[in-house]
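These notes are about the structure you will find just below.
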Amino acid sequence: MIDLHYAATPNGLKLRLYLEETGLAHRIVPVKLSAGEQFAPEFLAISPNNKIPAIVDHAPADGGAPLPVFESGAILLYLARKTGLLWPRAERDQLEATQWLFWQMAGLGPMAGQAGHFRAHAPEAVPYAIDRYTREAARLYGVLDRRLQGREFIAGEELSIADIACYPWVLPHAGLGHDLAATPDLQRWFERIRARPATQRAYAGVDDPYAKPANFTAAERQALFGQGAQG
């Protein structure tokens with residue numbers, strides 16, 4: 001059994017999508033970020049960076065004590081390597097999946113997240129930041145579009161953790177100022193992943209976080225964006 005400490009953000013939805021696709025036994029433990037639940041001591045013991053998602057694997061491969069894992073990319077890699085699910089069989093394809101997982105973690109997620117923040121969540125418009133991150137997110141969509149030319153999936157011939165990691169950061173494309181028609185191979189891939197039953201289950205009732213400007217209270221904004229070096 002896996003406990004998934006979760007909120008319906010793009011990073012949280014990576015793990016929700018992985019677990020729906022694989023059917024691994026799991027329990028959802030909601031974390032209400034706007035209420036500051038990510039700062040609770042019991043959550044920090046699992047995720048010291050006070051970010052979701054995090055998991056606790058109650059049946060680790062070494063047979064030892066329950067194993068906490070934080071950071072969405074590390075969790076995907078851990079589960080895929082442990083179970084072999086959504087993990088390519090060929091060594092070269094495994095390397096491809098790992099590279100594109102790291103690409104998403106280092107580039108697509110942070111840049112798209114900043115675009116979404118300044119477009120929808122910032123308390124005041126910052127034109128330079130909006131332009132900077134919107135253009136960079138579009139550039140990264142172009143990188144993925146070129147990768148998908150002549151390919152069904154990002155790494156190898158089957159769905160893998162690379163697709164799972166990238167999809168939640170492509171879904172909010174409209175709120176990030178991007179029309180997928182400009183990247184047709186990415187659009188084709190996106191529509192295929194969106195139609196999968198597991199994707200439909202994972203996203204049931206989930207809204208696009210960047211579709212419209214947020215209306216946070218001062219306390220919610222502090223919990224979400226106000227942390228300093230002292231926590």
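The values are calculated or read from the model by the stated rules, or taken from the named source; none is laboratory data. Keep in mind that this is a model prediction, so the values were computed, not measured. Because the Cβ atoms are built from the backbone with ideal geometry, glycine has one as well, and the counts that use them run over all protein chains shown.
For segment 177-226, residues that are free of Cβ contacts under 8 Å to residues at least 40 places away in the same chain, farther than 16 Å from L159 by Cβ and among the aromatic types (F, W, Y) total 0. Has segment 98-116 got at least one residue that is more than 20 Å from the chain's Cα centre (by Cα), small (G, A, S) and over 19 Å from W189 (Cβ atoms)? Checked segment 98-116: no residue is more than 20 Å from the chain's Cα centre (by Cα), small (G, A, S) and over 19 Å from W189 (Cβ atoms). For segment 1-22, the criterion of a residue being over 18 Å from the mean Cα position of the chain (by Cα) and of a type in the set (D, E) is satisfied by no position.
Scanning segment 198-217 for residues that are assigned to a loop (DSSP other than H, G, I, E, B) and small (G, A, S), which turns out surrounded by the fewest Cβ atoms within 10 Å (Cβ to Cβ)?
The extreme case among them is G205.
A Cβ distance below 6 Å, combined with a sequence gap of six or more or placement on separate chains, defines the contacts here; from segment 21-35, residues that are without any contact (Cβ under 8 Å) to a residue 60 or more places away in the chain reach residues that are among the aromatic types (F, W, Y) in the pairs I28/Y6. All of (1) at pLDDT 95 or above; (2) more than 30 Å from K212 (Cβ to Cβ) hold for W103 with one exception: (2).
Taken together, the residues in segment 155-191 that are more than 22 Å from V206 (Cβ to Cβ), crowded, with 21+ Cβ neighbours inside 10 Å and hydrophobic (A, V, I, L, M, F, W, C) amount to 1.
If you check P41 against the conditions, is it under 18 Å from the mean Cα position of the chain (by Cα), at pLDDT 95 or above and surrounded by fewer than 17 Cβ atoms within 10 Å (Cβ to Cβ)?
Details: under 18 Å from the mean Cα position of the chain (by Cα): no; at pLDDT 95 or above: yes; surrounded by fewer than 17 Cβ atoms within 10 Å (Cβ to Cβ): yes.
In short, no.
Restricting segment 148-164 to residues that are charged (D, E, K, R) and modelled with pLDDT of 95 or more, the residue that is farthest from T83 (Cα to Cα) is R151. Could you list all residues from segment 139-158 that are out of contact with any Asp or Glu (no Cβ under 7 Å at 6 or more places or on another chain) and of a type outside the set (D, E)? R139, L140, Y141, G142, V143, L144, R146, R147, G150, R151, listed by residue number. Exactly one residue out of G107, G116 is surrounded by fewer than 19 Cβ atoms within 10 Å (Cβ to Cβ), touching a Leu at 6+ places or on another chain (Cβ under 7 Å) and not hydrophobic (A, V, I, L, M, F, W, C), and it is G107. With the condition kept exactly as written, say whether any residue in segment 135-149 is assigned to a helix (DSSP H, G or I), more than 15 Å from the chain's Cα centre (by Cα) and closer than 21 Å to Q222 by Cα. No, that holds for no residue.
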